[in-house]
Amino acid sequence: MRETVSEPMLGQIRLQWWRESIADAFEGRPVGRHIVVQPLTAAIRALGLTRAHFERLIDAREGDLDAAPLASLAALEDYAEATSARLVYLALESLGVRDRAAEEAGFHVGIAYAFAGLLRAMPFQARVGHMIIPADIGERTNLDGADYCALRSTPAVQAATAAIAAAASRHLVSARAHRNSIPSSALPALLPAIIAERSLVRLKRAGYNPFDSALAIPDATQSWRLAIASLLARF
């Protein structure tokens, strides 16, 4: 959100527009002509999607307008649940899956996928001065914000990156603990776990240097990995 608006007020206006559009979709009112809103409204009404997921996601995106880093890893997990896991929940609902074990797996997959994505985006975020490393991890690793913004891969930057990556890996383990108790129809919504895991492997090989230029090269094996996971019904 911060990357797409020039000032916070414009972001607030955009988010309010989305709140109103989602309210119209759920309350049966006509919606505006929009390339996303119209098909989304059709899906909401046809599939009985949960309104709270949309509202939670929009509320969390409001936090993107605040330049201050999040206070803790727990706060980052809460943000990831709101902005990423909620999308997994909606994907599960779209597949007709309303299963507690699948939702629990989706919770962990969503957070792991969000963390992996944030780590991949760290060079861009650092260039624009947006600190994505939580304050508690920064303090514990003696992170220097100037090194981060200058894209210098110091031991502190690597340690902070490794801490977030380790948390993502723990969430993948927790998600996969539910593998044998969820319906096979839930698999497509949980495949982001494959992308997250591969991203974390590449980051580890780079010595947890988030600014390693090799990490910006697209993973040529990703499509194959997803296809194999689908065939094996694994995530």
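Pull up the stretch 121-146, narrow it to residues that are part of a loop (DSSP other than H, G, I, E, B) and of a type in the set (A, V, I, L, M, F, W, C), then point me to the one that is farthest from Ala206 (Cα to Cα). Spell out how you get there, then give the answer.
Of the residues in the stretch 121-146, the ones part of a loop (DSSP other than H, G, I, E, B) are 121, 128-134, 141-144.
The next check asks that each one be of a type in the set (A, V, I, L, M, F, W, C); those that pass are 121, 128, 131-133, 143.
Details: Ala121: 15, Val128: 23, Met131: 21, Ile132: 19, Ile133: 18, Leu143: 19 Å.
Among those residues, the one meeting the criterion is Val128.
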* Top-ranked residue in the stretch 65-89 [being within 28 Å of Pro188 (Cα to Cα) and among the charged types (D, E, K, R); ranked as surrounded by the fewest Cβ atoms within 10 Å (Cβ to Cβ)] -> Asp78
* Which condition number does Leu70 fail, the rest of (1) modelled with pLDDT of 95 or more; (2) assigned to a loop (DSSP other than H, G, I, E, B); (3) more than 19 Å from the chain's Cα centre (by Cα); (4) not charged (D, E, K, R) being met? -> (3)
* To do: Report the residue count in the stretch 48-58 for those that are surrounded by 13 or more Cβ atoms within 10 Å (Cβ to Cβ) and in a helix (DSSP H, G or I).
  => 7
* Test: residue in the stretch 10-17 that is within 17 Å of Val88 (Cα to Cα) and aromatic (Phe, Trp, Tyr) -> no
* Regarding Leu95, is this residue within 22 Å of His178 (Cα to Cα), out of contact with any Asp or Glu (no Cβ under 6 Å at 6 or more places or on another chain) and surrounded by fewer than 19 Cβ atoms within 10 Å (Cβ to Cβ)? -> yes
* Structure fact -> The residue that is surrounded by the fewest Cβ atoms within 10 Å (Cβ to Cβ), considering only those in the stretch 98-123 that are over 23 Å from Leu187 (Cα atoms) and within 16 Å of the chain's Cα centre (by Cα), is Ala121
* Asked: Looking at (1) without any contact (Cβ under 8 Å) to a residue 24 or more places away in the chain; (2) closer than 26 Å to Ser213 by Cβ; (3) of a type outside the set (Lys, Arg), which is the one condition that is false for Glu103?
  -> (2)
* Asked: Can you spot a residue in the stretch 43-54 that is more than 23 Å from Phe124 (Cβ to Cβ) and at pLDDT below 95?
  -> no
* If you check Ile132 against the conditions, is it within 20 Å of the chain's Cα centre (by Cα), in contact (Cβ under 8 Å) with a residue 12 or more places away in the chain and surrounded by 16 or more Cβ atoms within 10 Å (Cβ to Cβ)? -> yes
* To do: Under 7 Å between Cβ atoms, at least 6 apart or on separate chains: pull out the pairs that start in the stretch 203-214 with a residue that is without any contact (Cβ under 8 Å) to a residue 12 or more places away in the chain and end on any residue that is surrounded by fewer than 16 Cβ atoms within 10 Å (Cβ to Cβ) and not in a loop (DSSP other than H, G, I, E, B).
  => Ala206/Ala214
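So that you can scan it fast, the table gives a plain yes or no per residue for (1) buried (at least 20 other Cβ atoms within 10 Å of the Cβ); (2) touching a Phe, Trp or Tyr at 6+ places or on another chain (Cβ under 6 Å); (3) assigned to a helix (DSSP H, G or I):
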site	(1), (2), (3)
Tyr148	yes, no, yes
Ala163	no, no, yes
His171	yes, no, yes
Ser174	no, no, yes
Ala189	yes, no, yes
Ala196	yes, yes, yes
Lys204	no, no, yes
Asp219	no, no, no
* What residue, among those in the stretch 150-161 that are buried (at least 18 other Cβ atoms within 10 Å of the Cβ) and among the aliphatic types (A, V, I, L, M), is farthest from Arg198 (Cα to Cα)? -> Ala156
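Scan the stretch 49-70 residue by residue and report those that are in contact with a Gly (Cβ under 9 Å, 6 or more places away or on another chain) and closer than 16 Å to Ala25 by Cβ. Write out each step before concluding.
Step one: of the stretch 49-70, the residues in contact with a Gly (Cβ under 9 Å, 6 or more places away or on another chain) are 61-62, 64-65, 67, 69-70.
Answer for the stretch 49-70, where residues must be in contact with a Gly (Cβ under 9 Å, 6 or more places away or on another chain) and closer than 16 Å to Ala25 by Cβ: there is none.
The values are calculated or read from the model by the stated rules, or taken from the named source; none is laboratory data. In this text the structure is predicted, and so the values were computed from the model without any measurement. Glycine gets a Cβ as well: all are built from the backbone with ideal geometry, and neighbour counts include every protein chain shown.
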